[in-house]
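Participant: Shown below is the structure under consideration.
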Amino acid sequence: MRMEAVAASVVAVLGTLLGAGVTHLFQQRTRLRAEEFTRDERLRQERLDAYCAYAGLVVSYRRVLVTRWFCAHENRPAEEAKDARLRSYDLRSEVQEALFRVRMLSGSPDVALLAQEVFDAVSDVHRGADAAELDIRRRDTMSLIDAFVAAAKAHVGCLRPTAVPPRPPSPSPGPGGRRRGAVRPAHPAPG
């Protein structure tokens with residue numbers, strides 16, 4: 001009888017140790033998955049921020065370069081042309097900084113290459129010889145920017161737009177032109 005009690009105690013202790021070990025393994029695996037998820041989500045968010053900042057800056061840079069073209073080709077005041085030129089220099093530096101951030105964070109060579117193509121094309125948008133060439137360059141650069149945004153969106157996993165649930169149809173008016181279920185005011189509105 002005594003041997004059976006010892007055997008039962010040993011089995012109980014081994015069962016407890018095995019249970020603790022298995023629990024530890026599951027908790028460690030869960031912790032590692034949570035850390036990986038957090039790290040991946042943080043990187044995704046940083047990429048999203050970098051891509052959005054780059055796209056916004058490159059659109060602003062493009063707009064200022066188009067203003068420079070109009071200043072040069074429509075004999076606008078020299079002060080306006082100088083302001084546009086200086087603003088374009090500042091924005092060019094900001095766009096380059098954002099481009100470096102895109103290159104560093106992007107795990108996709110295609111997105112980084114497309115970002116560089118956008119920068120190169122936008123930098124030349126104001127070099128059109130006439131209004132027709134400017135329009136072509138504007139259209140081409142906007143298409144490139146749209147392509148960059150689409151590629152960046154796919155890269156960060158924003159493939160499906162958030163669906164807005166459709167509004168329920170409004171109830172049909174009941175007798176007297178009022179909607180069914182509408183509350184009649186307690187006091188008539190002053191006429």
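Participant: Suppose the chain between Ala34 and Ala154 were pulled fully straight at 0.36 nm per residue; how much longer would it get relative to their current alpha carbon spacing?
Facilitator: Stretched out fully, the Ala34 to Ala154 stretch lengthens by 40.8 nm.
Participant: List the residues, sorted by chain then number, that are 5 or more residues from Arg76 or on another chain and whose placed amide H is less than 5 Å from its amide H.
Facilitator: Sorted by chain and number, the residues that satisfy this come to none at all.
Participant: Heads up, I need the accessible area for Phe119: 1.4 angstrom probe, whole protein in place, Å², nearest 10.
Facilitator: Spelled out: Phe119, probe radius 1.4 Å, area about 10 Å².
Participant: Right, next: I need the Kirkwood Rh of the stretch 1-108: take the reciprocal of the average 1/r across all distinct C-alpha pairs and report it in angstrom.
Facilitator: For the stretch 1-108, the Kirkwood estimate is 19.4 Å.
Participant: So with the 1.4 Å probe, I'd like the accessible area per residue for the stretch 1-138, rounded to whole Å². The partial results should precede the final answer.
Facilitator: Working: 9200 Å² over 138 residues.
Computed with neighbouring chains in place, this is 67 Å² per residue.
The values are calculated or read from the model by the stated rules, or taken from the named source; none is laboratory data. Everything numeric here is computed off the predicted structure, so don't read it as measured data. What goes into the accessible areas is simple: the full protein's heavy atoms, side chains included, and nothing from ligands, DNA or RNA. Shrake-Rupley method; radii C 1.70, N 1.55, O 1.52, S 1.80 Å.
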